[in-house]
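S.K.: The structure is given below, and queries will be raised subsequently.
The values are calculated or read from the model by the stated rules, or taken from the named source; none is laboratory data. In this text, all values refer to a predicted model and were calculated from it rather than measured experimentally. A quick note on method: Cβ atoms are made from the backbone with ideal geometry, for glycine too, and the neighbour counts reach across all protein chains shown. These accessible areas exclude ligands, DNA and RNA; they are computed on the full protein's heavy atoms, side chains included. Shrake-Rupley method; radii C 1.70, N 1.55, O 1.52, S 1.80 Å.
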Amino acid sequence: MTLPNTAKPAILLTSQTTTTTASAASASAASASAAAVAVASLGSNLNSSPFKSSARSYADIAIERNPQFKKITKQDIDHFKTFLEPQSILATTDIGGTIDEAKELDGYNTDWLGKYKGRSQVVLRPKSTQQVSKILKYCNDQKIAVVPQGGNTGLVGGGVPVFDEVIVSLGSMNNIRDFNETSGILVCDSGCILEELDKFAAGHGFSMPLDLGAKGSCHIGGNVSTNAGGIRFIRYGSLHGSVLGLEVVLPDGTIVDNLGTLPKDSTGYDLKQLFIGAEGTLGIVTGVSIVTPPRPNSVNVAVLGVSSYDAVQKAFRKVRRDLAEVLSAFEFWDTRCMQIVLDHNNLRSPLEEEHPFYILIETSGSKKDHDDEKLAECLESLLENEIIDDGALAQDETQVSKMWSMREGIPESLGKWGPTYKYDISIPIGVLYDIVPEMANRLEQAGLYSKDPKTYESASKDDPNVVVKGVLGYGHIGDGNLHLNVVANRFDKKVTDVLEPYVYEWVASHKGSISAEHGLGLMKAPHLHYSKSKVIVDWMVRIKNAFDPNGIMNPYKFLPRTTTSSSN
């Protein structure tokens, strides 16, 4: 079968195949990533969410505004104008802004999913670390709550205000400060867009160590602050390892210059680790030093069809052994995800038949012949041992991008299908997918879902209670990271009550984590105890109070709301 709009057919692998020809193009990783973004971009600015709007304000959640926090006034805006340019401030009309500014505020107040909406009256867009320092010192002295915001691509409500907190947007801090051609160490502002950094690194023969579907919008500072993982975690690991140093502004305005560029440094506490994944609750990351790996010049991608999740696991075990040093991604998704992403992007599957599960394998290396041979032998063995039922190997860059779009395009496609409940969880690989049918059964028993799409369509016309359209799963098998998605006609409390806290209880019962890479934000803060013990949570609270005694930094989030006196 031929992939659409390509000159050459992808090489099909069938169970009758005895010899696999690995003639995949030696596409650069930059070309693959850039092409995938063109098909599967998740939005390039704050006002271009691809998801259907069904926003609810935080008033729908049982949170009360902390009366200790001062409400912003025109006098505060006048103070900010003493060191910020006029275009660096957006405000509502009642505190000195314009009608156009007030309209623009909406994009900053609303999260990327359109699920939550705050009521901030002002956005500050500093251009330097010194300006961030002045903002935080003033807000701390005045007890004005602050929300740091990067590309606003978060999925747990962590990057938008709950009430009227001041939004500090880092988008204007987007300079590359230094790059070492020998070591590949990059130093940059936190507002640099991930994809732009990767393009810069590519020009010097390197690549960023993380790759996300939202790379065209997300900021490296936000990536660091949420400890983002992504599709190549299996190859390059966590940001806790690749980030060498950080520049951070503390709540009182103190600038902590820890922008080290040394891979080895054993002098005292490694403070930067506290800010990786802290979600802006301890301070604002303004600069990042990160090591970039050499860019591969040989990239192969294959999409495989398998009959069960057990077959997914068997394929992963063999692929990991056989491909070892060249394996850069191993992704999987279920058949419903495939149907929806193909329909949304007007694509045809590279495989001739539908399969219960799909796998995407990517190899990246420096020697094309070597990589092609290893992949060919692995795929042939998978077929001969009947681990996979079918497969297709990309033959050129266009096919590489189309195959990646089938995986990276899933979040956008589901969002277009309907408002989506998203759960980013870590679970032991052996039971990783079990929660998908488990949640489908629970929703069906509650009368909110019918497993068969045809049954759902007919039932929905007669029964308004059947609001769930699909329960789907996809993710990073090598990391034990599942993205459980429940798509509905609308965000509905009845659905939420069936899902939560059961999802978190199920994860805890399997010794998993309630957040693999999206963070805690507002959504998961109350459920932290399912992943962390009381002793650990208590120490997290102590750390928070030590750095931020007035609790102004991203309040109401990250920690359970009953644990911190000053921030909640």
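S.K.: Scan the chain and hand back the longest stretch that contains none of the GluC sites (Glu not before Pro) lying in DSSP loops with at most 15 other Cβ atoms within 10 Å.
M.R.: For GluC sites (Glu not before Pro) (loop position, at most 15 other Cβ atoms within 10 Å), the longest site-free span of the chain is 387-568.
S.K.: Pop out the carbon and sulfur fraction of the accessible area of the stretch 411-520 as a percent, whole number, probe 1.4 Å.
M.R.: In the stretch 411-520, the share of accessible area belonging to carbon and sulfur is 49 percent.
S.K.: S307's amide H: which non-local residues (gap 5+, or another chain) put their own amide H closer than 5 Å, with H modeled 1.01 Å from N in plane and none for Pro or chain starts?
M.R.: When sequence neighbours closer than 5 places are left aside, the close amide H contacts are D389.
S.K.: Run the accessible area of the stretch 65-295 with a 1.4 Å probe and give the carbon-and-sulfur part as a rounded percent. Walk me through the numbers on the way to the answer.
M.R.: Values: 4450 of 8630 Å².
Carbon and sulfur: 52 percent of the exposed surface of the stretch 65-295.
S.K.: So which of K127/K422; K70/K103; K272/K557; K81/K103 end up more than 26 Å apart by C-alpha?
M.R.: As for pairs spanning more than 26 Å Cα to Cα, those are K127/K422.
S.K.: List the residues whose amide H sits under 5 Å from the amide H of V122, counting only those 5 or more places along or on another chain, with H placed 1.01 Å from N in the peptide plane.
M.R.: For V122, the qualifying residues are I167.
S.K.: Now, a different point. Kindly provide the trypsin sites (Lys or Arg not before Pro) of the stretch 488-556 that DSSP labels as loop, not H, G, I, E or B, and whose Cβ sees at most 14 other Cβ atoms within 10 Å.
M.R.: Passing both the DSSP loop test and the Cβ count: R490, K511.
S.K.: What percent do you get for the relative contact order of the stretch 65-295 when only Cα pairs under 8 Å and 6+ apart count?
M.R.: 19 percent
S.K.: Further question: Starting from the amide H of K469, placed 1.01 Å from N in the peptide plane, find each other amide H under 5 Å away whose residue is 5 or more places distant or on another chain.
M.R.: V487, A488, N489
S.K.: Then there's this: Normalised by the empirical 2.2 N^0.38 Å for globular proteins, what value does the Cα Rg of the chain take?
M.R.: My calculation over the Cα atoms of the chain gives 0.97.
S.K.: When Lys and Arg each count +1 and Asp and Glu each count -1, what net charge do the other residues less than 13 Å away from I425, Cβ to Cβ, add up to?
M.R.: The answer is -4.
S.K.: So, one more: When a/c reaches 1.5 or more, the comparison of a/b and b/c decides; with that in mind, is the stretch 325-406 rounded, prolate or oblate per its Cα gyration tensor?
M.R.: Judged from the Cα gyration tensor, the stretch 325-406 comes out oblate (a/c at least 1.5, b/c at or above a/b).
S.K.: Also, I was wondering about something else. May I ask for the distance between the Cα centers of the stretch 216-277 and the stretch 113-161, given as a whole number of Å?
M.R.: 19 Å
S.K.: Tabulate in residue order the Karplus-calculated ³J(HN,Hα) for the stretch 111-116, using 6.51 cos²θ - 1.76 cosθ + 1.60 with θ = phi - 60°, rounded to whole Hz; enter x for Gly and Pro.
M.R.: Calculated HN-Hα couplings, in order: 6, 4, 7, x, 8, 10 Hz.
S.K.: At 1.4 Å probe size, what's the solvent-accessible area of D479? Round to the nearest 10 Å².
M.R.: Estimated to the nearest 10 Å², D479 gives 40 Å².
S.K.: Would you please classify the overall shape of the stretch 197-245 from the alpha carbon gyration tensor, given that a ≥ b ≥ c denote the square roots of the eigenvalues, rounded means a/c under 1.5, and beyond that prolate means a/b larger than b/c while oblate covers the rest? Let's see the in-between values first.
M.R.: Working: a/c = 1.40, a/b = 1.20, b/c = 1.16.
Rounded.
S.K.: Mind giving me the nanometre distance, one decimal, between the label points for Q445 and N545, set 7 Å out from Cα along Cα→Cβ?
M.R.: Label at Q445, label at N545, 4.1 nm between them.
S.K.: Right, something else. Give the relative contact order (percent, whole number) for the stretch 298-408; include only Cα pairs under 8 Å separated by 6+ residues.
M.R.: 47 percent
S.K.: Further question: Tell me the net charge near S289. Cut-off is 12 Å between Cβ atoms, S289 excluded, with +1 for each Lys or Arg and -1 for each Asp or Glu.
M.R.: Result for the local shell: -3.
S.K.: In square angstrom, rounded to the nearest 10, how much accessible surface does S120 have for a 1.4 Å probe?
M.R.: 10 Å²
S.K.: Ignoring ligands, DNA and RNA, what accessible area per residue does the stretch 298-408 give at 1.4 Å, in Å²? Don't skip to the answer; put the middle values down first.
M.R.: Numbers: 3900 Å² over 111 residues.
Per-residue accessible area for the stretch 298-408 comes out at 35 Å².
S.K.: With the cut-off at 1.5 for a/c, could you classify the stretch 108-176 from its C-alpha gyration tensor as rounded, prolate or oblate?
M.R.: Since a/c reaches 1.5 but b/c is at least a/b, the shape of the stretch 108-176 is classed as oblate.
S.K.: Using a 1.4 angstrom probe on heavy atoms only, work out the carbon and sulfur share of the accessible area of the stretch 298-408 in %.
M.R.: Heavy-atom surface of the stretch 298-408 belonging to carbon and sulfur, 1.4 Å probe: 39 percent.
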